[in-house]
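Let me begin by presenting the structure, written as structure tokens, before commenting on it.
The values are calculated or read from the model by the stated rules, or taken from the named source; none is laboratory data. Quick caveat: nothing in here was measured; it's all calculated off a predicted structure. Here the Cβ is made from the backbone with ideal geometry for all residues, glycine too, and neighbour counts use every protein chain on show. The protein model used for the area step is the full one, side chains on, heavy atoms only, and it has no ligands, DNA or RNA in it. Shrake-Rupley method; radii C 1.70, N 1.55, O 1.52, S 1.80 Å.
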Amino acid sequence: MGSGHILVYAFDVLMQIYESQGYTQRDAANSIIEHNLYGLDIDDRAYQLAYFAVMMKARKYDRRFLTKEIKPKLYAIKESNEINKNHLKYFGNSLSDIEKNLAISQVEYLIDTYIDAKEYGSILNVDDCNWELLYRFIEDFNIEGQMSLDSVGAEDTKKSLQELIPIAHAMAQKYDVVITNPPYMGGSGMNTKVSNYVKKHYPDSKSDLFAVFIEKCITMTKKNAFQSMI
């Protein structure tokens, strides 16, 4: 999403669509943020700029927007390198054994997938998971009794998972419209990790990242939907 130029333009297009269907600008702004715009970037500063731009666009149509508990579904990709899998036993305490075991298995999969994620960004491939279950799992957190060496850092694990799972959810979804300005980098410019990843997962487009992104965005687009690459 870069710093959000495409998102801001899309916001105005969506506003016209909503208004044509009889929505007030205030209701439309809230719905656009909640349901229509998604964005991801590898760079934290780009994310901050895009987040600010979209929030200001929403405030243009709803002066009270910044006081509401509505957050754009925009993300800077996070790594899972520091997440301790041993802490997962403190989550999902009210779930059934079957649900908890499934949730742990899927969270462990996501932790493995997002190791060194800053290297790969949007080209990471994420399998669909039971997202409703995973949201319940990470919020159902309890450390019984006194703190022990084993539980040190469990609160940090919860915070990390609260950031990671929405990102994974957004990356696993398919969309009606997928738009980006892809990065351009030939194979000789890639570091070893990225080079090995694209050779394994994108053998048909491995020669340049722009081609990898075109292939990736195809997989993120619903059938008979729209994809635009600048």
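Report, ordered by the first and then the second residue, all pairs with beta carbons closer than 9 Å, sequence separation of six or more or different chains, a first member in the stretch 204-228 that is free of Cβ contacts under 8 Å to residues at least 60 places away in the same chain, and a second member that is in a helix (DSSP H, G or I) and hydroxyl-bearing (S, T, Y).
Within 9 Å, the pairs are K206/S195; C217/S122; M220/S122.
Test each condition in (1) more than 22 Å from the chain's Cα centre (by Cα); (2) surrounded by 14 or more Cβ atoms within 10 Å (Cβ to Cβ) for Y175 and report the one that comes out false.
Tallying (1) more than 22 Å from the chain's Cα centre (by Cα); (2) surrounded by 14 or more Cβ atoms within 10 Å (Cβ to Cβ), Y175 fails exactly one: (1).
Would the stretch 129-139 turn up any residue that is more than 12 Å from the chain's Cα centre (by Cα), open to solvent by 60 Å² or more (accessible area, probe 1.4 Å) and closer than 13 Å to Y90 by Cβ? Give the derivation first.
Going residue by residue through the stretch 129-139, those that are more than 12 Å from the chain's Cα centre (by Cα) are 129-139.
Imposing the further condition that a residue be open to solvent by 60 Å² or more (accessible area, probe 1.4 Å) reduces the set to 130, 132, 135-136, 139.
Then keep just the ones that are closer than 13 Å to Y90 by Cβ; that gives 139.
Yes; the residues of the stretch 129-139 include at least one that is more than 12 Å from the chain's Cα centre (by Cα), open to solvent by 60 Å² or more (accessible area, probe 1.4 Å) and closer than 13 Å to Y90 by Cβ.
Is the stretch 53-65 home to any residue that is modelled with pLDDT under 95 and at positive phi?
No, there is no match, as no residue in the stretch 53-65 is modelled with pLDDT under 95 and at positive phi.
Within the group G153, G187, which residue is open to solvent by less than 90 Å² (accessible area, probe 1.4 Å), in contact with a strand residue (DSSP E or B) (Cβ under 9 Å, 6 or more places away or on another chain) and in contact (Cβ under 8 Å) with a residue 12 or more places away in the chain?
G187
Can you find even one residue in the stretch 35-58 that is touching a Ser or Thr at 6+ places or on another chain (Cβ under 9 Å), more than 13 Å from M1 (Cβ to Cβ) and not polar (S, T, N, Q)?
So far as the stretch 35-58 goes, no, none of its residues is touching a Ser or Thr at 6+ places or on another chain (Cβ under 9 Å), more than 13 Å from M1 (Cβ to Cβ) and not polar (S, T, N, Q).
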